[in-house]
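One structure is given here, and the rest of the page talks about it.
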Amino acid sequence: MKLETLTHALPPALPPSERAQIEKAYQVAEKAHAGQKRASGDPYVQHCLNVAYILAELHMPTAVIVAGLLHDTVEDTVLTLDDIRQDFGDEVAQLVDGVTKLAQLPRVSKEGNTPIDRHTESLRKTFLAMSDDVRVVLIKLADRLHNMRTLMHVRPEKQARIARETLEIFAPLANRLGIWSLKSELEDLSFRYTSPERYREIASQIVEHQADRERTMAHIVSHVRRALQTHNIDADVSGRPKHIYSIYKKMGRKEVGFDEVYDVRAVRIIVRDQPTCYYVLGVIHNLWRPIPGQFDDYIATPKDNFYQSLHTAVVYDDGKTLEVQIRTPEMHESAEYGIAAHWRYKEGSKRDEAYEKRIKWLRSLMDWRQDLADAGEFVDAMKRDVFEDRVYAFTPHGDIIDLPVGATPIDFAYHVHTSVGDRCRGAKVNGKLVSLEYHLKTGDQVEILTAKRGGPSRDWLNPDLGLVRSHRASQKIRQFFRRQDREQIITQGREVLEKELKRLGVEDYSYENVGRKFGYAKPEDLFFALGAGDIHGRQIAARVLEDEQAAQAKRQVPTTAPRGVVRSDEIAILGTRGLLTNLARCCKPVPGDPIVGYITRGRGATIHRRDCPNVLYHKEPERLIKVSWGQAQQTYPVAVRITAYDRDGLMKDVSTVVAEEHINMASLSVATKNSIATFEVTMEIADVEVLARVLARIEQLPNVIEARRWKPG
Ligand code: MN
């Protein structure tokens, strides 16, 4: 790339003084990096120039482009920040400083000297920088994009790691900032290295079908354009490109073949204003039959990243599906450039509001997370709360509360205020009472019903019940319990464990042994951890029961012959695609443990526990594959007794929960006396985690007093 390529990409109206700044920055970078080479053999300044060019394409202001040219000088050359400040002023110096700080390795603590820790620490810095000055992150994204474009020159073992990091962090980050063009290119480039075979497969199929597809699309586009012209609508109609990675994701999500995904034709219609969008929708629906359930109004209810458009799908003339997006030029700009669209306009325009909203939202994400001491915890929280899809719900006053998908009224309450969360007892959504496990949807108006005093329930932390989704809410709930005095916490922790053990019908245990098993020197420490909500009673009880069952299994043969039994020395592993498998000796996984497969050289796959250090710190993570325990496990009959105040539909609710957990009921009897119903059920259980979960879920059903394991006779 030549300097002229960059200067040609600058807006023609750019004042000559700013143009001169950019040219000067190029000269400074070239001189500073003189003699340095990229892995490709190119002079290093090529990287700086390319980064600046990407920023210019996003229409970033001059200071950002200048900083893009200089972004590696302080890190990699003799130039200092003061030199930059003297030549280019404070603003540029601050931007370069921000980027440099992201790149510098963090202080390395004694025990934390693992690649993973360094990696998470630098990610944490990226997130924090994002709230300070989002322009720094845009430079970082441009830097990453050029590094991805030139990744073929890098050593293969580095390629996979960088690509995975890009796919997991930087592409979602670009998506979160709404910069669609960066996001899809980062995804496609990474996918090429993380799954080279799949990439090649899809790419070659695209090439094979391309000519055909382009012909059909040209046809459809001109048809739509003519149809709109007869209604005197001036519209920009175009086919929508498909990206390799998005095709791949769709194939996985909908479990369909390439043809089915690729066959879907999509057009984008851009019209001058919002009312025209709806008018065009009417015209399209009149011409072709709309497919029910495919219409989405993201104009009235914007998507999580502020995306706006009308989406619909219709049956086209040839009987195949045609997807249609309708939007205004402003919505289009915002969809393509996201947060970067802000700099394309003069201050004070409407786009400024959208920018302010995004910035405010980014800051709100950071404010409480800064307190998280542990870099790993911070990054996890960010990944969970930032990169997953979001729902936006409203308070009765119309304030927006931003939550992860799957969030419940409890999450909502904690996001409004800690004291609202602590006292949350119920909720109304759109005026109707809902249960606390209700999953909020975008647009829901939520009113939290609170008690005058009192605190959260420990059940809220039980992962089986799905009552809390956001990291923030669970953090706040744990804080509540931790604030009580130690004695009280210990007493409560003991009660929790006793209740769980009773529920699972475990009788023979000593707290000393249980505590030691989990690494607590004294039972009190175990109780404290339980009482403070750091661990959940179910986890403990399930492990205790597991041991009991293992001991039992040694003594006796199972009484029933469950379906799909395998010999006990064979374990069905799903996901290994016919590879020979064996269980790792280092961590000895047992059914129920979270596991991961490791492709060995010539000996098939070894199955490790997911928390096994040999896996966590492995240098070739690309050899890990996703596996799970198969269905064909040994099952045990477990007698369960449920007591409840009788009501209509109770039986159906219980069976639904049991069926949802894929548990077979071997027998069932019900007796009702004085309006108390007692169910005696024999369940075929393969895994104690499932037993613990199904009992907890049944206990949550309305009217149920207790659900527990019992010993018949
Ligand atoms: Mn760089």
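The values are calculated or read from the model by the stated rules, or taken from the named source; none is laboratory data. Predicted, not measured: the structure shown is a model, and the values here were computed from it. Positions of Cβ are backbone-derived with ideal geometry, glycine not excepted, and every protein chain shown enters the neighbour counts. Remember, those area values only see protein heavy atoms, side chains included, never the ligands or the DNA or RNA. Shrake-Rupley method; radii C 1.70, N 1.55, O 1.52, S 1.80 Å.
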(request) Just need log10 I(q)/I(0) for the range 455-503 at q = 0.24 Å⁻¹, Debye formula, equal scatterers on the alpha-carbon atoms, no solvent, rounded to two decimals. (result) -0.98
(request) Determine one quarter of the surface area of the Cα convex hull of the range 191-306, which equals its mean projected area, and express it in nm² to one decimal. (result) 8.9 nm²
(request) Could you tell me what percent of the accessible area of the range 389-481 is made up of carbon and sulfur, with a 1.4 Å probe and every protein chain present? (result) 50 percent
(request) Provide the per-residue ³J(HN,Hα) series for the range 702-708, in order, calculated from phi with Karplus coefficients 6.51, -1.76, 1.60 and θ = phi - 60°, each as a whole number of Hz, with x at glycine and proline positions. (result) x, 6, 6, 8, 7, 9, 8
(request) Quick one: accessible surface of His311, probe radius 1.4 Å, all protein chains present, in square angstrom to the nearest 10. (result) 40 Å²
(request) For the range 389-481, evaluate the Debye formula with one uniform point scatterer on each Cα (no solvent term) and list log10 I(q)/I(0) at q = 0.13, 0.14, 0.16, 0.18 Å⁻¹, rounded to two decimals. (result) -0.35, -0.41, -0.54, -0.69
(message) Just to confirm my numbers, what's the Cα centroid distance between the range 175-215 and the range 23-43 in Å?
(response) 31 Å
(request) Could you order His231, His417 so the one with the most accessible surface comes first? Probe is 1.4 Å. (result) His417, His231
(message) As a test of reading the structure, rank Lys242, Lys320, Lys140, Lys2 by solvent-accessible area (1.4 Å probe, protein chains only), most first.
(response) Lys2, Lys320, Lys242, Lys140
(request) Any chance you could run the full-extension gain for Val590 through Leu287? It's 0.36 nm times the residue separation minus the Cα-Cα distance, nm to one decimal. (result) 103.2 nm
(request) Enumerate the amide H contacts of Ile535 below 5 Å, restricted to partners 5 or more residues apart or on another chain; note that Pro and chain-start residues carry no placed amide H. (result) Leu530
(request) Read phi for every residue in the range 140-153 and hand back ³J(HN,Hα) as whole Hz from Karplus 6.51 cos²θ - 1.76 cosθ + 1.60, θ = phi - 60°, with x for Gly and Pro. (result) 4, 5, 5, 4, 5, 4, 5, 4, 5, 5, 10, 5, 4, 8
(request) Please work out the ratio of the alpha-carbon Rg of the range 484-544 to 2.2 N^0.38 Å and round it to two decimals. (result) 0.99
(request) May I ask you to list the trypsin sites (Lys or Arg not before Pro) in the range 412-512 that are in a DSSP loop and have at most 10 other Cβ atoms within 10 Å of their Cβ? (result) Lys452, Arg453
(message) If DNA, RNA and ligands are ignored and the probe is 1.4 Å, what is the ranking of Ser435, Ser470, Ser510 by accessible area, most exposed first?
(response) Ser435, Ser510, Ser470
(request) State the percentage of accessible surface on the range 198-340 attributable to carbon and sulfur atoms; use a 1.4 Å probe and exclude ligands, DNA and RNA. (result) 48 percent
(request) Please check which bits of the range 178-219 a label hung off Ser246 would reach, taking the label as a point 7 Å along Cα-to-C-beta and the cut-off as backbone N under 13 Å. (result) 179-188
(message) Could you compute how much accessible surface Ser246 exposes when probed at 1.4 Å, giving the result in Å² to the nearest 10?
(response) 50 Å²
(request) Using a 1.4 Å probe and ignoring any ligands, DNA or RNA, find the accessible area of Ser669 and quote it in Å² to the nearest 10. (result) 50 Å²
(request) Count the net charge of all other residues whose Cβ sits under 9 Å from the Cβ of Thr408, scoring Lys and Arg as +1 and Asp and Glu as -1. (result) -1
(request) Take the solvent-accessible surface of the protein heavy atoms, probe 1.4 Å, and return the percent of it on the range 484-544 that carbon and sulfur atoms account for. (result) 45 percent
(message) Less than 11 Å Cβ to Cβ from Leu10, Lys/Arg counted +1 and Asp/Glu -1: what total charge do the surrounding residues give?
(response) -3
(request) Over all alpha-carbon pairs of the range 636-709, lay out the pair-distance distribution in 10 Å bins, whole %, shortest bin first. (result) 20, 60, 18, 1
(request) Kindly give the semi-axes, whole Å and largest first, of the ellipsoid equivalent to the range 145-201, taking each as the square root of 5 times a Cα gyration tensor eigenvalue. (result) 19, 12, 9
(request) Would you work out the charge dipole size for the range 389-481 about its Cα centre, treating the Cβ of every Lys and Arg as +1 and the Cβ of every Asp and Glu as -1, and quote it to the nearest 20 debye? (result) 320 debye
